[in-house]
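Written below as C-alpha cells is the structure these notes are about.
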Amino acid sequence: MQVSESDLKEFILDSGLVPRKDVDAADDEAKRRKQSIGDILIGTGALSTDSLRRIKAYVLGIPFVNLKDRKIDLNVLSLIPEPIARTHSIVAFRKEGDNLEVAMLDTEDLAAIDSVRKKTGLKIQARLTDEESLKHVLLQYQKSLKEEFGDLITTEAGRINLIKDGPTGDDVTGDDLKKMAEDLPIVRIVDTLLRHAILQKASDIHIEPMEQEVLVRYRIDGVLHDAMTLPRTAAAGITARIKVLSNLKLDEKRLPQDGRFKMETEADKVSFRVSLLPTYYGEKVVMRLLRETGEGFTLDVLGFHGSSLERIHHSMKQTTGILLISGPTGSGKTTTLYTILDILNTPDVNISTVEDPIEYQMKRVNQTQVNPAIGFTFANGLRALLRQDPNIIMVGEIRDAETASLAINAALTGHLVLSTIHTNSAAGAIPRLIDMGVEPFLLVSTLRMVLGQRLVRRLCDGKEEYALDQVERDKIASKDKFEMALAALTEEKLVKEGTKIDAIPFYKPKPSSECADGYSGRIGIHEILTVSPAIRDLILHNGTPDAIEEQARKEGMLTMLEDGIYKSSRGITSLEETLRAVSE
C-alpha cells in the first residue's frame, strides 16, 4: 500500500518535524524532479529516514516497535537466520501460537515477508522499526552464537579428555594422527574455532601449545585477544586436523609448513592461509583469514577524504608510471591496492598481477601466484607479464633489486605499475628504492605517487567527548600538525572558517556490553606523496626522507599523524589509537 504525496505532505506538516516553508520548497522541488517529497527532505537533511518511516507507518496504520533495550528470546530470534535478517533488514521478536511478529525497516518488502512465512510455516505480522533497533537485535545474534560456541567447545573438549587413550608425544605415528584428525570431537572443535573466528571478524587465529593447555587467540581489529583455552590433550588432534584441511604432511613436526584451505558459511566465503612452526611444546599454528566476499570497498570507506582523495584520483588517471603503497605487514596495503585496481578495472584495459599469495579474486583480472620453491619469483613473473600485453600491472611487493629494476623498466615502456613496499612512511620509500639500486634519474621519471598508511580502530557510537588543552596537545604533536588537521577540517567545511584549535572536541572510547573495549572495526590513516618538480629535485640530489616529507607537507600533504588527528577530531578514532598506530 502506497502513501499518496498529498497525504504524506499533510502528515509531515502535522508532525511538526519540518517547518512549513521547508515542506513547501521540498514539494516544489519534488514536482520538478518527479520524486517523492520524502526523498527530497531526506536529501536536504530536513528529515531523517527513520522519521519518514514512522510518518508513513502512522498513515498506513502499521504499528511501530522500539527494540533498542529489548532482549529477544534465542528460540524466536533464530527463526530467521542472521544472513537473511541482515540482508533483508527483518528480525523476529515475538511468537504467540502460530503468529510470528517481525520488525522491519520496509514493511512493503513482501518478498522478505513471504520468504520468512515459507521458512517458518507461521503467520507473519509485520511491524515497523528503526535502524538503531535493528542494529541492536542483529548484535544479539552474535552474542547468542558466542555462548553457543563456548558451550560446544567445553563439551567437545571434555569428550577428548574422556576418550584420550593411546600413544602421545613422539610415539604418535602418521596413522594415529590421521585417526585423531577424523575424531568427531576434534572435527567439531576445529570447525567451531574457525566459524567463531569468522563471526568475530578476526583477521588471524593463533593456536599456541603450552605446558598444561592450548591457548587460542584471535586478532580482532589488529589486537590479539585470548579466545579460549583447551586441554593439552587436544593439541595433537587439532594440529593434525588443520594439516589435513591444508593438505600438509601429518608426520612432519620438525620443519615449518605452509598451506591453505577454504571454508564457506551462510554469510562468508573465507580462505585460510596456514603457517605451522615447531616450538618447545609442539607446533604453533597461525591462520590468516582472507574473506573472498570482501569486495566492494570504496576509497572513502577506506578513510580517504578531501585533497588526499583528489591526489589518488589524479594519480590513477596516469597511463604510465609507478604507484606505490607503503606500510608494515597488516596495515591494509593489499586492500587499498585491490580497491584501486577495482576502480581501474574497466573493459578497455588489460590488468595482470603477480602476487604472493592471491588474497582476493577479481573478475577480468589475470592473477598469477608466485612459487619460489620452483624458481617462479616476483621478478620472473613480472618478466612473463610484460609479454602478455598488459595496460596495468600489479606486483604484490617490491622486495629486491631485480623486481625494482623490472618495475621501473615496465613503467618506462608504457605500463602503469602498482605495487607495495615495506617502509615506515611514504617519503621513506624513495631512499629504500635507491638502496635497492634504482638510479635516481630513473626514479624521478617513473614514480608518480607513494601512499603511506596504517590502520586504526574505529570508536563505537557510545564514545566520550572531551576537550584537549594546550599542554596535552604539546605532548602529542607540534602546533603546526594540529593546525594542518584543522585546515583539512575547514577545507572540507566540517568546521567554520576561523575556528580555533581549542574549540575542536576529541573523543575517548567508552566500553559497553556491545563494544567490549570501545572500538569496533578499523579504518586507514594515510599520507599521499605525489612526486612534484620540487620533490624530483630533492630525489636527484639525494634528499633525506625528512626533507622530502617536509617539502610534501608544504605542498599540502597530510602526514599519517595529521590524518589521525583529523579523524580523532571527527570522532572516527581516538588520539591514543592514532599514536599507537603511528609509533608502531
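The residue among Phe482, Ile374, Gly437 whose Cα reaches farthest toward the positive pole of the charge dipole of segment 368-491, with charges on the beta-carbon of Lys, Arg, Asp and Glu, is Ile374. Accessible surface of the chain, 1.4 Å probe: 49 percent of it comes from carbon and sulfur atoms. Note that segment 220-272 presents 53 Å² accessible area per residue, ligands and nucleic acids not counted, probe 1.4 Å. Here the chain is treated with +1 on each Lys and Arg Cβ and -1 on each Asp and Glu Cβ, and its dipole about the Cα centre works out to around 580 debye.
Taking the Cα atoms of segment 279-355, the ratio Rg/Rh between the radius of gyration and the Kirkwood radius comes to 1.09.
Each Lys and Arg Cβ is given +1 and each Asp and Glu Cβ -1; about its Cα centre, segment 1-54 then shows a dipole of about 140 debye.
With all protein chains kept in place, the per residue accessible area of segment 443-584 amounts to 47 square angstrom at a probe of 1.4 angstrom.
For the chain, adding -39500 (n - 2.57) for each run of n ≥ 4 DSSP H residues and dividing by the number of residues yields -13000 deg cm²/dmol at 222 nm. Taking 1 over the mean of 1/r across every pair of different Cα atoms in the chain, what Kirkwood radius in Å do you get? Hydrodynamic radius (Kirkwood, Cα only) of the chain equals 27.7 Å. What whole-number distance in Å separates the alpha-carbon centres of segment 490-509 and segment 97-143? Between the Cα centre of segment 490-509 and that of segment 97-143, the gap is 41 Å. Using only the Cα atoms of segment 522-577, build the gyration tensor, take square roots of its eigenvalues as a ≥ b ≥ c, and label the shape rounded, prolate or oblate: rounded if a/c is under 1.5, else prolate if a/b is larger than b/c, else oblate. Prolate, because a/c is 1.5 or more and a/b exceeds b/c.
Straight-distance candidates among the lysines for linking to Lys243, with alpha-carbon spacing under 28 Å and chain neighbours fewer than 8 residues away dropped: Lys146, Lys164, Lys178, Lys179, Lys201, Lys253, Lys262, Lys269, Lys284. How many angstrom lie between the C-alpha centres of segment 1-75 and segment 182-244? First find each Cα centre; the distance between them is then 49 Å. Specify the inter-centroid distance of segment 435-455 and segment 457-485, based on alpha-carbon positions, in whole Å. Here the two parts' Cα centres lie 32 Å apart.
Under 18 Å Cα-Cα from Lys119, which lysines qualify once same-chain neighbours fewer than 8 residues away are excluded? Here the lysines satisfying the reach criterion relative to Lys119 are Lys95.
Descending by average beta-carbon neighbour count within 10 Å, the peptides 110-123, 558-571, 38-51 line up as 558-571, 38-51, 110-123, the highest first. Straight-line reach from Lys493: taking Cα to Cα under 18 Å and skipping same-chain neighbours fewer than 8 places apart, the aspartates and glutamates in range are Asp300, Glu310, Glu483, Asp502, Glu562, Asp563. The residues of segment 56-135 have, on average, 54 Å² of accessible surface per residue, using a 1.4 Å probe with all protein chains present. Seen through its C-alpha gyration tensor, with square-root eigenvalues sorted a ≥ b ≥ c, segment 75-117 comes out oblate because a/c lies at 1.5 or above while a/b is not bigger than b/c. Along its three principal directions, the equivalent ellipsoid of segment 340-491 from the Cα gyration tensor extends over semi-axes of 37, 20, 16 Å, largest first.
Taking a ≥ b ≥ c as the square roots of the eigenvalues of the Cα gyration tensor of segment 483-584, is the shape rounded (a/c under 1.5), prolate (a/b larger than b/c) or oblate? In terms of gyration-tensor shape, oblate. Against the empirical 2.2 N^0.38 Å (N residues), segment 333-377 has a Cα radius of gyration ratio of 1.24.
Globularity index of segment 9-61 is 1.03 (Cα radius of gyration / 2.2 N^0.38 Å, N = number of residues).
The values are calculated or read from the model by the stated rules, or taken from the named source; none is laboratory data. Quick caveat, the model's predicted, so the values are computed rather than measured. Note that each Cβ is placed from the backbone with ideal geometry, even for glycine, and that neighbours are counted across all protein chains shown. These area figures cover heavy atoms from the full protein model, side chains too; ligands, DNA and RNA do not enter into them. Shrake-Rupley method; radii C 1.70, N 1.55, O 1.52, S 1.80 Å.
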